[in-house]
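The values are calculated or read from the model by the stated rules, or taken from the named source; none is laboratory data. Source: prediction; values computed, not measured. All Cβ positions, even for glycine, are placed from backbone atoms using ideal geometry, and neighbour counts span all protein chains on display. What goes into the accessible areas is simple: the full protein's heavy atoms, side chains included, and nothing from ligands, DNA or RNA. Shrake-Rupley method; radii C 1.70, N 1.55, O 1.52, S 1.80 Å.
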Amino acid sequence: LVYNRKQSLILTGLFFVLAVITNFFIYKYSYEMNEVNLRLQPLILPKMAITHLICACAALTDFKRCKIPNELIAAGLVSRAVMYAAELFLTGEYFTDILKNDALGFAIGFIMLFVIAVITKGGIGFGDVKLFGVIGLMAGLGGGFFVLFLLLLFSSICSVSFMLFKKKKFKT
């Protein structure tokens with residue numbers, strides 16, 4: 001590891017705070033304010049908070065045990081189901097569009113990470129694959145692509161820095 005345990009936990013916390021702030025501004029300034037999004041506005045912050053909490057818990061448990069517990073994935077799915085109930089109440093006839101968008105977000109994220117996990121033969125664990133499925137359900141298609149882009153960008157930066165500091169080799 002490039003960082004010791006304490007430094008890694010501090011960095012995880014900093015990235016968590018940065019992610020919350022970044023997502024707040026992304027939602028605030030990039031959402032097209034149509035009728036559906038105006039109706040869903042009260043749910044955006046709770047949905048973001050739940051997603052970030054699940055991701056932070058996953059990062060910490062993955063850091064400590066190299067495993068993301070299924071209970072955490074289940075908590076994400078249950079949370080999303082509760083959000084769906086609220087969204088159905090708020091959006092009515094537009095609810096099927098939300099379901100389609102989230103299903104595509106789930107499928108894209110889950111399938112892409114699943115393929116990467118199979119190709120890398122365990123380089124990415126299946127807990128990460130399931131977690132990204134939950135992120136896809138929470139963020140939808142556009143948000144899922146954006147998160148995947150940031151994930152790949154951050155992974156690339158970390159990989160290059162590990163190789164530059166000779167902590168890992170290219171094959172690793």
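Of 149, 165, 126, 154, which residue is out of contact with any Cys (no Cβ under 8 Å at 6 or more places or on another chain), at pLDDT 90 or above and open to solvent by 80 Å² or more (accessible area, probe 1.4 Å)?
So the residue among 149, 165, 126, 154 that is out of contact with any Cys (no Cβ under 8 Å at 6 or more places or on another chain), at pLDDT 90 or above and open to solvent by 80 Å² or more (accessible area, probe 1.4 Å) is 126.
Give segment 101-117 a look and list any residue that's under 11 Å from residue 138 (Cα atoms) and either crowded, with 18+ Cβ neighbours inside 10 Å or of a type outside the set (A, V, I, L, M, F, W, C) (or both), or say none.
101, 102, 105, 106 - these are the residues of segment 101-117 that are under 11 Å from residue 138 (Cα atoms) and either crowded, with 18+ Cβ neighbours inside 10 Å or of a type outside the set (A, V, I, L, M, F, W, C) (or both).
From 95, 110, 106, which residue is modelled with pLDDT of 85 or more, touching a Leu at 6+ places or on another chain (Cβ under 8 Å) and under 21 Å from residue 152 (Cβ atoms)?
106
Looking at residue 43 and the list (1) touching a Leu at 6+ places or on another chain (Cβ under 9 Å); (2) hydrophobic (A, V, I, L, M, F, W, C); (3) modelled with pLDDT under 85; (4) open to solvent by 80 Å² or more (accessible area, probe 1.4 Å), which single condition is not satisfied?
(4)
Given the criteria among the small types (Gly, Ala, Ser), in a helix (DSSP H, G or I), on the phi > 0 side of the Ramachandran plot and under 14 Å from the mean Cα position of the chain (by Cα), does residue 140 qualify?
Here the answer is yes, as residue 140 does meet what is asked.
Any chance you could count how many residues in segment 56-76 are surrounded by fewer than 14 Cβ atoms within 10 Å (Cβ to Cβ) and among the aliphatic types (A, V, I, L, M)?
1
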